[in-house]
Amino acid sequence: MKMPNPGILWATTGGATAAAVIRLEPVLLEEGFLVHVAQRLANGEQLYRDVLFFTGPLPFEFLALLFRILGEHLFVARGVMVALAALGTGTTFAIARRAGSGPIAHAAAALVASAPILGFPFYTFYFYTPITYHLAILAVYAALRGQTSGRWAFGCGVLIAASALCKQNLGVFLALGLFATTLLTAPREQRKAIARAIAAGGAATALATLALFALRGTLGDFVNAVAVLPFALGESFRAPFPNLWPPGVLDKAFNDNAAVYLPNLYFLRVGFWVGISSAMIAVTQFLYGLPFLVVGLTFLRRLGGKLPPAVWIHGALLAAMIGNLFPRSDWGHAVYAIPAAGVQLLLISSFRRTPREGLPGAPHAIAGFLVVGLAALCADVGTFLHRSSIPPILGPKVPLWAVSPTYQTPAVQRVIRFIRNNTEPGDPIFVARQEPLIYFATETSNPTPFEGVIAGLHEMQERIILEALPRVKYVVLSDIDQPQYHYYGDELPGVLDHLERYFRIPIGFQIDQFAWMLVLEHGKDRGATHLDFVREQQRGERFIRGRNATVQPPRMPAPRLQARLLGRPLSVRLGPRGGGIDFQIEVPDNAEFQAGVGIRTMGSVDDFHEHPPETPAVFSILQDGETRLLRRVPISDAPNQGGRWRRVRIDLAEFAGEAVTLRMEFDPAKPIQAGTLAWFGSPRIAIIE
C-alpha cells in the first residue's frame, strides 16, 4: 500500500489546526477594517479613492473578489486563512526536507501547524501580516526551486511582489533577503539567469498592478497611499522594543503597557488584572530575543562548514520577520517572528554534513518528541479556548464565539443589537475609533473614507468626518481611552467636540460597569464651545483645603484620566476638606456653564480611583472679594448610582461682559484622605443661541 505524501499530510494538519479555532474570537480592528473595506469594494467603491489606507491592495481586492463570488460572510475571509495555514505548513515541511533535516522536517512542520493555536488569534483572523507570512514561506520554497528552474524563480519574484502588495515594509525586507541569499547560494553560472527571472516575476506583478489602477483611474491615489502616505505617519505607530535585560523585569515604560507585549494567551488564561510574574516576563523576553539569537546561531553554525542553501534562504524569511518588528515591537508583530525563528533553529541544528554525523535514531526520537509535545500542547490550549468561549454575539454575518474578557462582556452585543434594531441595511453610522467590524456586523455603511483613526492625518480626517457627521443618526464610540490606545480627544479634538455638542447616549441604551462601548444618538445642540476647561486646564489654579479649611496649592499633580461616557475628566487632588480649580474668565454674552459630575470610578494609566463619599460638587463665582454660590450638586453614594454623568447647566447671563473667577470644587461633609482624586466631566463655557 502506497504511503500518503507526508507534505500533503502536514498541509492537511496545518489546515485542520487553523480550522479548529477559526470560529473563535472577533477582532474588531485588524480584521474589521479588512472585511469592511472588502465589503465596500465588492459594492463598487474604489480602494484609495473612496477608502483610504496605507497598506498594499492585495488582501482587500482578493477578499472583495471572494465576497462577490461567495457572499459577504466572515467565514469567507477566515477560510482563506485556513487555506494559507495548510499551504504554509506543507511548504515548511518541503523546505526542511530540502535543508537536509531528515525527520526533523516533521518537527518544523508541526511548529508552523501549531501557530494558529499557540499564537491565537493572530494566525486565523484575516489580516495582511499573517497573509504575508504565509506568502513568504511559499516564496522561500519557490526560491529554492528557482535555483534550477527559471519558472520557479519567476514565481519567486511574483510571490515577493505579492508580499509587498500585502505589507510594503515586510515585502521589501523579504525581497532584499531572498534575492541575496538565492543568488549567493546558487551555482555561479546560473546567477544571472536566476536574477533576471526573479526580477521579471516581480516586475510583471508590479506592472500588472499599476496597469489595473491606471485603468480604474486611481493610479495616483494608489501611489500616494502605498508609497507616500506611510512616510507621513512618522512615529505614530511606534511601540519600542522591550528590554531583554535584566531577566524577569520590564522597564517601567513597558510594564505600564504589559498587555501589549506579553503573549495574548497568557492574559486569556490568567486574566488582565492579575500580577505578572517575573517568570512570565522572562519567558516573554526570551521569545522576543529568540529571533536575534537564532540569526547569530546561524552564522556561528557556518563557522563549522558550509550550510545548505535552504538554511540561508529560510534565514531571509526570518530576517524579514525581524524587520517587521520595527518600528512597532508589540506582541502582535513578535508572534510572527517566533515560528520562523523556531523553524530556522531546527534547520541549523538538524542537517548532517556527513552521513555518519550524529547518533543513529536520535533525529527520529527528537522529531517524535517535538511533534507529540506540540500536539499535546495544542490539544490543551485548544480545549481551553473552546471551553472559555461564549456563543456568537455579533450577528449572523459574524458568528464568532468570544474568548477574551473584553468581548465576553455585554458591551459589544448591546451595540450590535441596538444598531441592527434601529437602522436599515445600508444606513450610515459612524464608528468613531478603531472598531470597523461593527459596520460589517450591522450591515450599515460608513460615510467616511476612514476605517479608524489614522495617526498622522488628523487634520484631513477631522475635516472630512465633520462634514459627514450631520448625515448620521448614530455614532459608536468605545470608552477605551488610554495612552496605548491613544486619547481620542488628542487625535481628533474637533470630532469629539462635535460629539459632545450634538450627541447623547440614547434613552434605553443600558449603561453599567460593562459599558466600554457606547451608542450615541444625534440630539439637541448644546451650544458652541467658548472655553473648554479640560483643554485649558493649565490656565487653571488648582487648590486643596487643609484640615482647617485653609486654601493651599496641591502637593502632587493630578493624573490624566480616561474619557468616560462622552465626558473627558478634569481631575483635581483634594485635601482633607476638599479642593478644586479656579479659572479667570471674561463671561461672554449668552454664556452657559456646562459640566458633568457623579461618575464614581475612573481609571488612569496605572490605577483606579473612586470618588470620595459624601462629597458634593460646588460651583461658584468669585468677584470683588465675594463668593457667589451658583450650584451645589450632591453626588449619590447609593450602590446602584454613580454609573452616569449627571449634567450640570448654569446660566451665566447676569455676568455677561464681566471678568470673574469661576470656581469648581468638591466639599466633603467630613475630612477625607489627603491626595484623594475627584473629577468633573467636560466642563466648558457654551454659547447658547
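The values are calculated or read from the model by the stated rules, or taken from the named source; none is laboratory data. All values derive from a computational prediction rather than experimental measurement. Methodologically, a virtual Cβ is constructed for each residue, glycine included, from the backbone with ideal geometry; neighbour enumeration extends over all protein chains shown.
Table for the structure above
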item	result
Members of region 390-406 found to be in contact with an Asp or Glu (Cβ under 8 Å, 6 or more places away or on another chain) and either among the aliphatic types (A, V, I, L, M) or closer than 25 Å to residue 13 by Cβ (or both), listed by number	400, 401, 402, 403
Single unsatisfied condition, residue 445 versus (1) buried (at least 17 other Cβ atoms within 10 Å of the Cβ); (2) at pLDDT below 95; (3) within 25 Å of residue 44 (Cβ to Cβ)	(2)
Flag if residue 142 is assigned to a helix (DSSP H, G or I) and in contact (Cβ under 8 Å) with a residue 24 or more places away in the chain	no
Residue match in region 125-135 (condition: in a loop (DSSP other than H, G, I, E, B), in contact with a helix residue (DSSP H, G or I) (Cβ under 8 Å, 6 or more places away or on another chain), under 16 Å from residue 89 (Cα atoms) and not basic (Lys, Arg))	no
Residue satisfying all of: in region 290-341; hydroxyl-bearing (Ser, Thr, Tyr) and assigned to a helix (DSSP H, G or I); farthest from residue 185 (Cα to Cα) among these	336
Odd one out for residue 621 among (1) under 30 Å from residue 520 (Cα atoms); (2) touching a residue at least 24 places away in the same chain (Cβ under 8 Å)	(1)
Residue check for residue 515: without any contact (Cβ under 8 Å) to a residue 60 or more places away in the chain and either in contact with a Lys or Arg (Cβ under 7 Å, 6 or more places away or on another chain) or not assigned by TED's automatic domain parsing to the domain that holds residue 259 (or both)	no
Region 539-553, subset touching a Lys or Arg at 6+ places or on another chain (Cβ under 8 Å) and modelled with pLDDT of 95 or more, residue nearest to residue 501 (Cα to Cα)	542
Close pairs from region 550-565: first more than 15 Å from residue 601 (Cα to Cα) and not assigned by TED's automatic domain parsing to the domain that holds residue 500, partner of a type outside the set (D, E, K, R) and surrounded by fewer than 18 Cβ atoms within 10 Å (Cβ to Cβ), Cβ under 7 Å, at least 6 apart	552/546; 556/675
Test: residue in region 247-270 that is surrounded by 15 or more Cβ atoms within 10 Å (Cβ to Cβ), free of Cβ contacts under 8 Å to residues at least 24 places away in the same chain and farther than 30 Å from residue 25 by Cα	no
Close pairs (6 angstrom Cβ cut-off, 6 or more residues apart or separate chains): more than 21 Å from residue 624 (Cα to Cα) and in contact (Cβ under 8 Å) with a residue 12 or more places away in the chain in region 574-589, polar (S, T, N, Q) and assigned to a strand (DSSP E or B) anywhere	none
Filtered residues of region 96-127 (kept if crowded, with 23+ Cβ neighbours inside 10 Å and farther than 21 Å from residue 375 by Cβ)	99, 125, 126, 127
Selected residue [touching a Ser or Thr at 6+ places or on another chain (Cβ under 7 Å), part of a helix (DSSP H, G or I) and farther than 17 Å from residue 166 by Cβ] from 90, 14, 7	14
